[in-house]
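The values are calculated or read from the model by the stated rules, or taken from the named source; none is laboratory data. Note that the structure is predicted; figures quoted are calculated from it, not measured. Quick reminder, even Gly has a Cβ in these numbers, built from the backbone with ideal geometry, and neighbours come from all protein chains shown.
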Amino acid sequence: MLRQPLLMLARSSQVKDLVTRMPVSSGLVARYVPGERTSDAVEATRDLVVDGRLATLDFLGEDTLDESRAEATVDAYLELLDALSREGLARSAEVSVKLSAIGQALPEIGPKLSLENARRICGAARNVGTTVTLDMEDHTTTDETLATLRELRKDFPETGAVLQAYLHRTEEDCRALAYEGSRVRLCKGAYSEPDTVAFQDRHEVDRAYVRCLKVLMAGHGYPMVATHDPRMIRIAGAFATRFDRAPGTYEYQMLFGIRTDEQKRLAGSGERMRVYVPYGQEWYGYLMRRLAERPSNLTFFMRSLLSQK
Ligand code: FDA
């Protein structure tokens, strides 16, 4: 019930100004975001690697309408990739990129600019021995993002895609992307979407997730099972057995700070387990989407806000 209003607030600049006065170290933010600096992201990666987990790092930011900000985001990724390489962590950590953070939404030049920027990040990632995955944002960007993915994959076939099971179109997109070498992260979907394009009922979304997962696990690509849902994780395991997939031909993914014990359990049982680590100052939209998934965090959130001076 609270999901839609919270997702609307995720795009309100007034609430954003109020909320972002909270320090990143305050309880709730720190649960989901390890810090604001490159060194925080590297530190978090090192902690994951110690117990056999992998990372995908997201320099936070989205919906940029400013070319210099898009450029600064590219620079942040280049700095991060360099730091990971220097620390010997580049093979255990890839990066996740939102095209809207690197210019996709800029009028007229957006698609071309974000493609060029993504190419630079993909080139730097390849140079240090790792990969890039393009995050998926709201449904108005899906076609454009998949078009950019197709272009990028001509030079960087290792580039990963994200598909959101809540969209009606996604089962078809899974079929189109289940080819050899194609890395596809399947998530349920985190944005507020109309019923013309997306399932609204939680059970319907779960059923769609299972249908999509089946297509990906039965296919020839590399599925990345991004969910914290115990049922979906069990079903992914059953599909792996049914379609004769050895560990290492697919992976599980979860968000930093969510179901950490389960992350460790999966990694300890020999599965590939990758954790999505967001870092940076622009944590507002990300935090609001996490709150929308877990409204029970709301009381804690309100208390953190009210305790600000
Ligand atoms: P569901 O929401 O049903 O949660 C299952 C269980 O997980 C809950 O019962 C609870 O135990 C736990 N849980 C879930 N969310 C929690 C939270 N915020 N706090 C505490 N516990 C929580 N979305 C998108 O639209 N585009 C994208 O590019 C990505 N990328 C992405 C990468 C990775 C690695 C992950 C794991 C997820 C994404 N997402 C995403 C987010 C995704 O779409 C979805 O919103 C969340 O993963 C929550 O859905 P679950 O599948 O976990 O199920």
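Show me the strands (runs of 3 or more DSSP E) entirely contained within region 151-247 in which 1 or more residues are at negative phi and more than 14 Å from the ligand (Cβ to nearest atom). Let's see the steps before the verdict.
Details: elements: 161-164, 183-187, 222-226.
Result: 222-226.
Could you tell me whether Gly35 is assigned to a loop (DSSP other than H, G, I, E, B), modelled with pLDDT of 85 or more and either closer than 20 Å to Thr131 by Cα or under 16 Å from the mean Cα position of the chain (by Cα) (or both)?
Working: assigned to a loop (DSSP other than H, G, I, E, B): yes; modelled with pLDDT of 85 or more: yes; either closer than 20 Å to Thr131 by Cα or under 16 Å from the mean Cα position of the chain (by Cα) (or both): no.
For Gly35, the condition - assigned to a loop (DSSP other than H, G, I, E, B), modelled with pLDDT of 85 or more and either closer than 20 Å to Thr131 by Cα or under 16 Å from the mean Cα position of the chain (by Cα) (or both) - is not met.
Each row is one residue, and each column tells you yes or no for (1) among the hydrophobic types (A, V, I, L, M, F, W, C); (2) within 10 Å of the ligand (Cβ to nearest atom); (3) at pLDDT 95 or above; (4) in a loop (DSSP other than H, G, I, E, B).
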| position | (1), (2), (3), (4) |
| --- | --- |
| Gln253 | no, yes, yes, no |
| Ile258 | yes, yes, yes, yes |
| Asp261 | no, no, yes, no |
| Leu266 | yes, no, yes, no |
| Glu271 | no, no, yes, yes |
| Val277 | yes, yes, yes, no |
| Leu291 | yes, yes, no, no |
| Ser296 | no, yes, no, no |
| Leu305 | yes, no, no, no |
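State whether one or more residues within region 231-252 are surrounded by fewer than 21 Cβ atoms within 10 Å (Cβ to Cβ) and of a type in the set (Ser, Thr, Tyr).
Yes, some residue in region 231-252 is surrounded by fewer than 21 Cβ atoms within 10 Å (Cβ to Cβ) and of a type in the set (Ser, Thr, Tyr).
Arg46 - would you say it is in a helix (DSSP H, G or I) and among the basic types (Lys, Arg)?
Numbers: in a helix (DSSP H, G or I): yes; among the basic types (Lys, Arg): yes.
Against the criterion (in a helix (DSSP H, G or I) and among the basic types (Lys, Arg)), Arg46 qualifies.
Kindly indicate whether Arg265 is surrounded by 14 or more Cβ atoms within 10 Å (Cβ to Cβ), of a type in the set (Lys, Arg) and closer than 30 Å to Arg46 by Cβ.
Spelling it out, it is not the case that Arg265 is surrounded by 14 or more Cβ atoms within 10 Å (Cβ to Cβ), of a type in the set (Lys, Arg) and closer than 30 Å to Arg46 by Cβ.
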